[in-house]
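Right, one structure below, let's go through it.
Just so you know, all these numbers are worked out from the coordinates, no wet-lab data involved. What you are looking at is a predicted structure, and each value in this text was computed from that prediction instead of being measured. Ideal geometry is used to build each Cβ from the backbone, glycine not excepted, and the neighbour counts take in all protein chains shown.
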Amino acid sequence: MGQKEYSETFYHPYEPYDIQIQLMETVYRVLSEGKKIAILESPTGTGKTLSLICATMTWLRMNKADIFTRREANSENNENGGESESEDEPDWVNDTYRESLLQEKLVSLNEYEKHLNELNITGRKSSKTIHDLNKEDGRYGAVESLRKRRRRNQHIDISLEEQDFIPQPYESDSETYETIVGLRGARLLDKHHRLSELSSEIKTLLNRIDGKISMDSSNSNCFAVLNQNPVKIYFASRTYSQLSQFTSQIRLPTFPSSFRNKVPDEKVKYLPLASKKQLCINPKVTKWKTLEAINDACTDARHSKEGCSFYQNTNEWRHAPDTLALRDTIFSEIQDIEDLVPLGKSLGICPYYASREALPIAEVVTLPYQYLLSESTRSSLQIDLQDAIVIIDEAHNLIETINSIYSSEVSLEDLRNCHKGILTYFNKFKSRLNPGNRVNLLKLNSLLTTLIQFITKNFKKIGLEIDPNDMFEGSNIDTLNIHKILRYIKVSKIAYKIDAYTQALEDIESVRNEKQTNGAHRKPVSSQPLLFKVSKFLSCLTNLTSEGQFFFEKGCSIKYMLLEPSEPFDSILNQAKCVLLAGGTMEPVSEFLTNLFPKVSSESITTFSCNHVIPKENLKTYATNQSEFEFTFEKRMSPSLINDRLFQFFVELSEAVPQKGGIVAFFPSYQYLAHIIECWKQNENLTHLNKVRKIFYESKDGEDILAGYSESVAEGKGSILFAIVGGKLSEGINFQDNLCRAVVMVGLPFPNIFSGELIIKRKHLTNKIMKSGGTKEEASQATREFMENICMKAVNQSIGRAIRHANDYANIYLLDVRYNRPNFREKLSRWVKDSINSEQTINQIISSTRLFFAAHSRNAH
């Protein structure tokens, strides 16, 4: 990496572990050498997130000035007709020229940092709004029309009335209407709104002329142009809780300025992006329950005659004092997603749209998977990944997530319920619907009827491929008709209105049933917006590609599945400077190489894996070599295996592990665990084991057992938890300290090869290899490798629950003789693989276990 101009510890707020320094150095080197991809495995509890923040932010701050200068020089060259710096000039001349370009903007950048500091200080000292504070020193112009409009809408009725369920008149599904709606929105059909929009634009121009919206450097909005960060760090994760953890971590370190001499204090410009469900503050919109309904209700509110009180798509709103104040307050200190809502409410400004306006200034942006992985979502949110550093956390789920985003499934029951819901809605409101709405609802129901008839007639076996043209054979429905129906659903927002009305009827029915039965059997209300689900499936019918396939799945369903996740991922790779895939369990890495970036050369890919932060004596992994412990499909139902060997192992392990420490065992499936429990009940083994340890076990439709297990462990009663691989307890839950002193993996959790999804995937993989000139043996090996990868990824995720921090300790038990085979062992995470002990018989394993916990008991005293 050459001579270091940065901290040896990458400005880590604590004394980093050696493995953290190794991870940070790897990331910095990847960015410096221009590598395209890094696959980074760092076990949970090793400070992975903070290490990623420190390494990427250090690189950005060390290189931003040069990137900034090069971009300014390129911009200057483009303005001068494409003339570049003279190659004949000495380096110092070119360097001086680039430096002069940079200096012109550094003064404004420094002013913005001072402005953010003032916001931070005054915001803590005063209870005034940000608008009031900055109005005093003239930072923002005074546009009062928005504030007056918000005052008029302070008292909002948020109850659902019948009128809420009725769409605006739908005049036509012609191309003319599509053009009008697509370009300007359905609101342009309203004469009064057109006048309102025109009036707003004229008012904005007049305010500029009058000096109310200043365009010079005294106005804060100039910073939006001058302080656009040339390289951004995008951090994506699965859940908002994981993104909130990132926020808490990025608050810890302090980084030097990118422009030390001219801008001595440079704040981290951190922006958390979230959905309207998280950020909307309009009561008329938030009264709806699902994300899809909220999105449509927001569109309705913005395009209505009254408009939204908190957002207008005008320059007036963008330049309004409170809008600029919210943007700058976001950057004045690290704000979490939960912080944006009260800030928006205090200023009367929509946090969702204000955060989008803040994107150009941001350095670090957090966002959920959907925002990053869906190309259409990135486009609509104006997320530009050009030259960005993209970090995807919890990336072991990445391939499944991409497949899920670009796939869809609808069952016969879904279609029937949707058909019934539309008829109920139509009969209730048909006299209040205009002809355009009535005609299109009838067309939609006709389409659903055709799909219902197709499934009823043709569903024979799971995994049977479907030609989408066959679905509508003999009917007058074609792709054009479906396009028009989808356009109607999108423009009219009918989906959320029908789903909401259906939900309201179910709520009324549930309350009635509860009264009749005194609350004994209240029917659970589904939160699944059914028409949205059907609409997504219909959209797959209009976007057919060679990378996808329709087929029959269990439950009389039709599924469309993406077969090549590398295709949508290419758009990210092509734009980003570098993509970092990080996780606690990234093995087997071959799955990513094969499925996500098969066209990327190995020279452009870096892989990194480290051991855990715990001392070696805090973890032991045992893999039995006894042939009786083989849980293959053919052998796993053996009574002697279940009632003798497996049962006796758990009795002996329960006695060897201290009572205050819990045991967590993972089983391949709900059905297999249910069979074991039933066998043990019949011969009273369950009663016997329950006397040694209190048993908690997961069932498919059972209640959450984690709370009871945790309470039992906390009381030191001695407890054992039987969980399912891929179930509710196998991922995302921290079994730290006494919650898990021993984790057992019973068998190898191979997926169900008879599921429609796996039948289609294996067939696709075989055809792909054969078409490229491969042999049947190579195809067979590839499908076997594919199945093993799925299995071992699940194993790594489950046993990764055991160790959660540097002082934790536990044992791992791989209870199947097949774990000794190289093809399985090599796919274990490095920190697990390196901790495997030599003891292999059950007697040796139990003896070693007793010694392990005896040693830790002595150390505790």
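With a Förster radius of 51 Å, plug the Cβ-Cβ distance of E473 and D570 into 1/(1 + (r/R0)^6) and report the FRET value to the nearest 0.05. That pair, E473 with D570, gives E of 0.90.
If packing is taken as the average count of other Cβ atoms within 10 Å, what order do 697-706, 810-819 fall into, highest mean first?
On the way: 697-706: 13.7, 810-819: 23.6.
Packing proxy ranking, top to bottom: 810-819, 697-706.
For T606, what residues show an amide H to amide H distance below 5 Å, using hydrogens built from the backbone and excluding near sequence neighbours? The list, which skips near neighbours in sequence, is I37, A38, I39.
Note on H483 and D384: their simple-model spin labels are 3.1 nm apart, each label 7 Å out from Cα toward Cβ.
Counting neighbouring beta carbons within 10 Å and listing from fewest to most, the residues I733, I334 come out as I733, I334.
Out of the GluC sites (Glu not before Pro) in the range 338-433, which ones are loop residues according to DSSP with at most 11 other C-beta atoms within 10 Å?
none
Under 18 Å from a label point set 7 Å out along the Cα-to-Cβ vector of N807, the amide N atoms of the range 39-60 belong to 45-47.
What value does the range 736-861 have for Rg/Rh, both radii from Cα atoms and Rh as Kirkwood defines it?
Numbers: Rg = 18.9 Å, Rh = 17.1 Å.
With Rg and the Kirkwood Rh in hand, the quotient comes to 1.11.
Amide H to amide H, with H built 1.01 Å from N, T621 comes under 5 Å of I812, I836, N837, counting only residues 5 or more places away or on other chains. For E266, the residues whose modelled amide H falls within less than 5 Å of its own, excluding neighbours fewer than 5 places apart on the same chain, are S257.
Taking the Cβ-Cβ separation of R825 and L505 as r and a Förster radius of 56 Å, what is the calculated FRET efficiency to the nearest 0.05? List each step's numbers first, then the result.
On the way: r = 56 Å, r/R0 = 1.00.
Computed FRET efficiency for R825 and L505: 0.50.
Grouping the Cα pair distances of the range 616-860 into 10 Å bins from zero gives a pair-distance distribution of 7, 31, 36, 18, 7, 2, 0 percent in increasing distance order.
Listing E8, E333 from fewest to most neighbouring C-beta atoms within 10 Å gives E8, E333. Shown in residue order for the range 540-545 are the 3J(HN,Hα) couplings computed by the Karplus curve 6.51 cos²θ - 1.76 cosθ + 1.60 at θ = phi - 60°: 5, 5, 9, 10, 6, 9 Hz (x for Gly and Pro).
Exceedance of the 28 Å cut-off in Cα-Cα distance is limited, within the set K35/K776; K728/K761; K48/K728; K620/K700; K635/K717; K289/K457, to K35/K776; K620/K700; K635/K717; K289/K457.
Compute the label zone of T775 within the range 816-841: residues whose backbone N is under 11 Å from the point 7 Å along Cα-to-Cβ. Within reach of a label on T775, which here means backbone N under 11 Å from a point 7 Å along Cα→Cβ, the range 816-841 contributes nothing.
Counting Lys +1, Arg +1, Asp -1, Glu -1, what net charge surrounds K35 among other residues with beta carbon under 12 Å of its beta carbon? Don't skip to the end; give the middle numbers.
Details: positive: R29, K36, K577; negative: E33, E603.
So the surrounding residues net to +1.
For the range 377-433 versus the range 41-61, the inter-centroid distance based on Cα atoms is 32 Å. Between the C-alpha center of the range 315-350 and that of the range 544-622 there is a gap of 37 Å. Neighbour counts of other Cβ atoms within 10 Å put C418, C540 in the fewest-to-most order C540, C418.
How much length would be gained if the chain were fully extended between E703 and K114, taking 0.36 nm per residue of separation minus their Cα-Cα distance, in nm to one decimal?
Numbers: separation 589, 0.36 × 589 = 212.04 nm, distance 5.42 nm.
Gain on stretching E703 to K114: 206.6 nm.
Sequence-distant contacts, meaning Cα pairs under 8 Å at least 6 residues apart, place the relative contact order of the range 408-562 at 40 percent.
Three principal axis extents of the range 437-482 based on alpha-carbon atoms, in descending order, are 38, 18, 16 Å. Extension gain for the segment T286 to K681, taken as residue separation times 0.36 nm less the Cα-Cα distance, is 137.3 nm to one decimal. The value given for the range 408-562 is a Kirkwood hydrodynamic radius of 16.8 Å, derived from the mean inverse Cα-Cα separation. Taking a Cβ cut-off of under 15 Å around R693, the surrounding Lys, Arg, Asp and Glu residues balance to a net charge of +1, with basic ones at +1 and acidic ones at -1.
Distance from the Cα centroid of the range 760-801 to that of the range 689-729 is 34 Å (rounded to whole angstrom).
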